[in-house]
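The values are calculated or read from the model by the stated rules, or taken from the named source; none is laboratory data. Because the structure is predicted, anything quoted here is derived from the model rather than measured. Methodologically, a virtual Cβ is constructed for each residue, glycine included, from the backbone with ideal geometry; neighbour enumeration extends over all protein chains shown. Side chains included, ligands, DNA and RNA excluded: accessible areas come from the protein's heavy atoms. Shrake-Rupley method; radii C 1.70, N 1.55, O 1.52, S 1.80 Å.
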Amino acid sequence: AHVRSILLAEFKQSLPDEAFHSVMEKYIELNTVQTEQIEKNLLDGKIVFDELVSKLNTESLTNYFSFLDCEAESLLEGYVIGYGKSYHAFHSELTSHEAELLHEWRKRTKDLQYQMELLTGSIPDELPPTLEEVSELNDNLGRINDLFMFSDWLVKFDEPISQSESKSQFMDLIHEQINSFEEKADHTGHSLYRFTPEEYKEELKATIIS
């Protein structure tokens, strides 16, 4: 709901046609009502979150993570597996630009980004992809996912005949943006995943040893 409010504000500002504004105002009002309801539900369930935080802060759990000793080789092996999952998710997405496949690619690439952040300084800079590239790709994939979810949310509402054409044009604009971001993401993916997982593993070993 929060992301929808940001998107609604962006589109309202970028669309000069007054015909769109009445439709946008309606969506903004609907989203505000839904946001307030979500916030109310979260506040009603605050005690559940308090209990969860209390359990996470227990001494035994804190000590477990404090003294966990991971071997460097195991961490790098896990990183290569993460690269492989992101690589395969990208190539699956290329076969069909479905929202589910794009979302899966985003999740696997998000995992890869977290691993790269953890291993900062351990992965050679000359070996693609870089953390900056992966982070930028994730931002792009996140935007696509937000637009897909936004589009699905809009479809749920029936419009008066007087506003149906404006809504149709608005939906076309959203899908134009989705296609543009998808094209950019695919181009980035081809650049980032220039090595197969097997090749990447060998390149990583050779670079670290040298």
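Please go through segment 166-210 and give me each residue that is of a type in the set (S, T, N, Q), farther than 27 Å from Gly78 by Cβ and modelled with pLDDT of 90 or more, ordered by number.
Just the residues of segment 166-210 that are of a type in the set (S, T, N, Q), to begin with: 166, 168-169, 177, 179-180, 188, 191, 196, 207, 210.
Then drop every residue that is not farther than 27 Å from Gly78 by Cβ, which leaves 166, 168-169, 177, 179-180.
If the condition is that a residue be of a type in the set (S, T, N, Q), farther than 27 Å from Gly78 by Cβ and modelled with pLDDT of 90 or more, then Gln177, Asn179, Ser180 are the ones that fit.
Taking into account only those residues within segment 175-210 that are part of a loop (DSSP other than H, G, I, E, B) and aromatic (Phe, Trp, Tyr), which is least open to solvent (accessible area, probe 1.4 Å)?
Selected residue: Tyr193.
For Lys156, only one of the following conditions fails: (1) modelled with pLDDT under 85; (2) more than 24 Å from Tyr27 (Cα to Cα); (3) of a type in the set (Lys, Arg). What is its number?
Here Lys156 meets the rest and fails (2).
Residues to consider are Thr120, Thr95, Thr109; find the one that is closer than 14 Å to Tyr79 by Cα and open to solvent by 40 Å² or more (accessible area, probe 1.4 Å). Full working, then the answer.
Working: Thr95 fails: closer than 14 Å to Tyr79 by Cα; Thr109 fails: open to solvent by 40 Å² or more (accessible area, probe 1.4 Å).
Selected residue: Thr120, the only one of Thr120, Thr95, Thr109 that is closer than 14 Å to Tyr79 by Cα and open to solvent by 40 Å² or more (accessible area, probe 1.4 Å).
Need the failing condition index for Glu73 against (1) open to solvent by 60 Å² or more (accessible area, probe 1.4 Å); (2) modelled with pLDDT of 80 or more; (3) among the charged types (D, E, K, R), just the number.
Status for Glu73: all satisfied but (2).
Looking only at segment 166-199, count how many residues are under 30 Å from Gly84 (Cβ atoms) and among the small types (Gly, Ala, Ser). Spell out the reasoning first.
The initial filter retains those residues of segment 166-199 that are under 30 Å from Gly84 (Cβ atoms), namely 178-199.
Narrowing the set further to residues that are among the small types (Gly, Ala, Ser) leaves 180, 185, 189, 191.
Total meeting the criteria: 4.
For Met149, are the conditions met, namely being part of a helix (DSSP H, G or I), aliphatic (A, V, I, L, M) and open to solvent by 60 Å² or more (accessible area, probe 1.4 Å)? Working first, answer last.
Numbers: part of a helix (DSSP H, G or I): yes; aliphatic (A, V, I, L, M): yes; open to solvent by 60 Å² or more (accessible area, probe 1.4 Å): yes.
The answer is yes for Met149.
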